[in-house]
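Below is one structure, written out as structure tokens; comments come after it.
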Amino acid sequence: MNQEADSSPQAHSLPSCYRHPDRETGIRCTRCERPICPECMVSASVGFQCPECVRDGGGTGPAPAAARPRTIAGGSVTADPRLFTKILIGINLAVFIAIQANASLAADLSLVGAYPPPPFPLREGVADGQYYRLVTSMFAHQEIWHIGFNMLSLWWLGGPLEAALGRARYLAVYFVSGLAGSALAYLLAAPATATLGASGAIFGLFGATAVLMRKLNYDLRPIIALLVINLIFTFGWSSISWQAHIGGLVAGLITGYGMVHAPRERRALVQYGTCAVVLLVIVVMVLVRTAQLT
């Protein structure tokens, strides 16, 4: 089985309060959009504002459309900013336990383009209409080290990114990246090769985190070093699906850029429009490969 392995990168994704630089926060003043910690938050008619905007009575920017605190990408600030990361980890663990109980389940969930290879008649695989494998393979793991590395990476990368983007935008980056990894593996890998693992989606979070850190003017050298290490592992071991890693990384960079750089006036349109464009490319890759194999 062709598997994907990650090192365990950790990145900081949240800005610091402009009045208390030692305190990270995912909340911004809804008028001037400066990051503020809970101590600096002042409840106002247009949401939480910083003390200076409340004192001045107007702030330095336009009033927001909603009276709720927002993340840097415009998502809602929630009580548990890691909830969906925990759910994703739970799903992966549940599938892993199911595979340990029934080993044949891995073959049913893994990404297979076409099996058996010619000249035998096609019996299964994405080319045979089993498109669900593009998704199920994102949650399937067989070895304990494989799921261990991936879930640690998901926790370290996903939690801060979910807090910074908001739940819906975070899930969009995760699933689009995972699907891009699956689609590129389907397009370029040998048709009968089976791949599985969450690494494509995690590499997407890796890319989105790098974009976010650049937006916040964080030092990019640590994450670049981690990326180089991951790529060395990706291309150094024959059992790793480099196609899934590269596909996820590229999709994460693109969707992450759309999430954090979208203009405020057309934020949702640009953010989800970017995801839609990447999904369209994914569909085209899948259709082209299916035509080649059938």
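Derivation of every value follows stated rules applied to the coordinates shown; laboratory data play no part. Because the structure is predicted, anything quoted here is derived from the model rather than measured. Methodologically, a virtual Cβ is constructed for each residue, glycine included, from the backbone with ideal geometry; neighbour enumeration extends over all protein chains shown.
Using 0.36 nm per residue, how much length does the chain from LEU83 to LEU231 gain when fully extended, once their Cα-Cα distance is taken away?
Length gained, LEU83 through LEU231: 50.4 nm.
To the nearest 10 degrees, how steeply does helix 83-101 sit against the main Cα axis of the chain, on a 0 to 90 scale?
Relative to the chain, helix 83-101 is tipped by roughly 20 degrees.
Can you give me the C-alpha center-to-center distance between the stretch 266-285 and the stretch 68-112, rounded to a whole angstrom?
The distance from the Cα centre of the stretch 266-285 to that of the stretch 68-112 comes to 22 Å.
Give the Debye-formula value of log10 I(q)/I(0) at each listed q (0.06, 0.07, 0.08, 0.11 Å⁻¹), with one equal scatterer per alpha carbon of the chain, two decimals each.
For the requested q values the scattering log ratios are -0.22, -0.29, -0.38, -0.66.
At a 10 Å Cβ-Cβ cut-off, how would you order LYS215, LYS86, fewest neighbours first?
LYS86, LYS215
Let a ≥ b ≥ c be the square roots of the eigenvalues of the Cα gyration tensor of the stretch 184-294; is it rounded (a/c under 1.5), or, if not, prolate (a/b larger than b/c) or oblate?
oblate
What is the order of ILE97, ILE89, ILE147, ILE36, fewest Cβ neighbours within 10 Å to most?
Arranged by neighbour count, lowest to highest, ILE97, ILE89, ILE147, ILE36 become ILE97, ILE89, ILE147, ILE36.
Classify the stretch 114-180 from the C-alpha gyration tensor, please: rounded if a/c falls under 1.5, else prolate or oblate depending on whether a/b exceeds b/c.
Verdict is oblate for the stretch 114-180.
State the answer as a single residue: which of CYS50, HIS245, ALA106 lies farthest towards the positive end of the charge dipole of the chain, with beta carbon charges of +1 for Lys and Arg and -1 for Asp and Glu, about the Cα centre.
CYS50
So for TRP242, TRP155, fewest C-beta neighbours within 10 Å to most, what's the order?
Ordered by Cβ neighbours within 10 Å, fewest first: TRP155, TRP242.
Determine the sum of side-chain charges near ALA106: Lys and Arg each +1, Asp and Glu each -1, restricted to other residues whose C-beta is under 13 angstrom from that of ALA106.
Neighbour charge sum, excluding ALA106 itself: -1.
What value, in deg cm²/dmol to 500, does the helix sum -39500 (n - 2.57) over DSSP H runs of n ≥ 4 give at 222 nm once divided by the residues of the chain?
Helices in the chain give a 222 nm mean residue ellipticity of -17000 deg cm²/dmol.
At 0.36 nm per residue, minus the direct Cα-Cα distance, what do ARG123 and SER76 gain on full extension? Give it in nm, one decimal, please.
Residue separation times 0.36 nm, minus the Cα-Cα distance, leaves 12.3 nm.
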